[in-house]
Amino acid sequence: MSPKKKTMKSSHPEQKPPTVSAATSSYYTDSLGFMSIDSNVPGLSNVILEKLNMKSFEDYRSAVDGKSLTTNFGIRTYYDMFQKMEDTFKFCAQCKKLPSLLPDPRSMRRCKRCQNVYYCGSECQRENWPSHKKFCRKLKLAAIDRLVEWLVFTGDIPFPTKPWTKSCSEVKTWEDWFSMQESLEEKVDSIMASRYMGILWANAGKPKPEDDELRESIKRLTTDFFTRPMTIGFAINAFNVDPYTKPITVHVIGASSIETLNSRVTDYDELAKMFPGNQGIEVVMVGPEVVDGPVMRPPLVSYGPRGRVYVSGYKGLYHVFWETLIENQQAARPDLVVGFHPGFHASQGLAEGWLPTLLLLRDYNIPSLFTMYSEHEMKYSLQILAELETQVLSFGPFPFASLKPEQVQTDPNKTPASSNALHLLFRGTIGADSETDMAELEETDSS
Ligand SMILES: [Zn+2]
Ligand SMILES: [Zn+2]
């Protein structure tokens, strides 16, 4: 990649300069059990950083330090933590006024039905109802889920799973997947009764939902956790990649800091359960924002641990990873590439970040799957791939999308999105023989 100027700020991971602040380069778990990324401050859950839409504690601190350099947030209790999280949602959904602009910041009222959106007063609430009523029910789920999501962080969600008892072709929906989980209700019950579920509702500052609502929330967060390994498994099947005869390598490209900061080496274990008897599946997270953590270990050069999933990481742009490690035989070539919401459609400097990657995937004929949040994202991604003469094999709604609704934070009265809602599969160049395998391509290339 040429060291040209970065054009504009973009929300896209691969488009950002590959810099991660020192503050995110190490982290530890503090006494409350929260992951802390700065030893000088009380622990702040990454779940919260994510909710605050900030990449690091440094971001968070500088945002707040803008007001006062000496402010001590005192996030020392669970109650404080949940309050801070909720604070990011406190603005009038109608006039967008922040609580600090009201004569009494505590006079913000909250919709009683969804416990989610806020109003500066009854007038705004009344005016907003015609548009809010379309989303109130869904936003109620979003409000429950963003609290229950903390249990993913504490490790209570997901519940342990077993090797699949059905073939991949029989598991077409989440319902099919749940039906394989032995004593599902008991597993959900034990999460309901967990210590952290108790702590959560004792400190959430909101009424505890009905048991049935909580149980559904646990299931939605389970799908939110597993949507990624399921996406990779789906792609393995769609491209007929065979994990039974030799170890396979999957590259997850454009991995963001939030994704990798919070990730554990066991996050993709469901893949091993999906393909019992596999020869080893390696998942390499590649992206300029990949940060230090358990997954930040070098990719394997050859064999994966048989029957298991091995997660590794590389911090940098994908084509740089390819040139430095793969070309020098320091990492295996991918059997498959997956991008979770790469969002290259919105990139300002496509040429600098994604273009070399897209061309590389195309020219090496790599089976690839990208996911999207919205139809809009899908439409523009397809357009770019068409311009690059990339062969798109299929696209559409994704059966293993997360069922957790993601609130559009800036405007709650927009349709909530969900991760991996849509997907597209592509491989090689339009018009080329799609059956050409990489070995053949290599030969042609080197001649
Ligand atoms: Zn208002
Ligand atoms: Zn509501």
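The values are calculated or read from the model by the stated rules, or taken from the named source; none is laboratory data. Source: prediction; values computed, not measured. Quick reminder, even Gly has a Cβ in these numbers, built from the backbone with ideal geometry, and neighbours come from all protein chains shown.
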- Keeping to the range 325-335, report how many residues are of a type outside the set (S, T, N, Q), farther than 16 Å from residue 247 by Cβ and in a loop (DSSP other than H, G, I, E, B). 1
- Complete set of residues in the range 96-116 that are under 19 Å from residue 415 (Cα atoms) and within 13 Å of ligand 1 (Cβ to nearest atom): 96, 111
- Residue check: is residue 84 within 13 Å of ligand 1 (Cβ to nearest atom), surrounded by 15 or more Cβ atoms within 10 Å (Cβ to Cβ) and either not assigned by TED's automatic domain parsing to the domain that holds residue 408 or not in a helix (DSSP H, G or I) (or both)? no
- Message: Among the numbered criteria (1) modelled with pLDDT of 75 or more; (2) within 25 Å of residue 226 (Cβ to Cβ), which one does residue 392 miss?
- Response: (2)
- Message: Checking the conditions here, which among 152, 171, 148 is more than 16 Å from ligand 1 (Cβ to nearest atom), touching a Leu at 6+ places or on another chain (Cβ under 8 Å) and within 30 Å of residue 238 (Cβ to Cβ)?
- Response: 152
- Would you check which residues across the range 267-298 are closer than 26 Å to residue 237 by Cβ, free of Cβ contacts under 8 Å to residues at least 40 places away in the same chain and of a type outside the set (A, V, I, L, M, F, W, C) and list them? 277, 278, 279, 280
- Task: Could you grab me the full set of residues in the range 87-116 that are away from ligand 2 (no atom under 16 Å from the Cβ), surrounded by 13 or more Cβ atoms within 10 Å (Cβ to Cβ), free of Cβ contacts under 8 Å to residues at least 40 places away in the same chain and in a loop (DSSP other than H, G, I, E, B)?
- Result: 95, 97, 98, 102
- Residue satisfying all of: in the range 121-164; aromatic (Phe, Trp, Tyr) and within 12 Å of ligand 2 (Cβ to nearest atom); farthest from residue 415 (Cα to Cα) among these: 129
- Note on the structure: Those residues of the range 353-404 which are among the polar types (S, T, N, Q) and either surrounded by fewer than 17 Cβ atoms within 10 Å (Cβ to Cβ) or on the phi < 0 side of the Ramachandran plot (or both) amount to 357, 368, 371, 374, 381, 383, 390, 391, 394, 402
- Determine whether the range 308-324 contains at least one residue that is free of Cβ contacts under 8 Å to residues at least 24 places away in the same chain and outside any strand (DSSP E or B). yes
- Task: Find the residue count for the range 128-155, including only residues that are within 19 Å of the chain's Cα centre (by Cα) and not in a helix (DSSP H, G or I).
- Result: 3
- Message: Quick check on this structure: which one of 228, 306 is surrounded by 24 or more Cβ atoms within 10 Å (Cβ to Cβ) and basic (Lys, Arg)?
- Response: 228
- Mind checking which pairs have a first residue in the range 117-137 that is near ligand 1 (Cβ under 10 Å from one of its atoms) and a second that is assigned to a helix (DSSP H, G or I) and not acidic (Asp, Glu), Cβ under 6 Å, 6 or more apart or different chains? 119/125
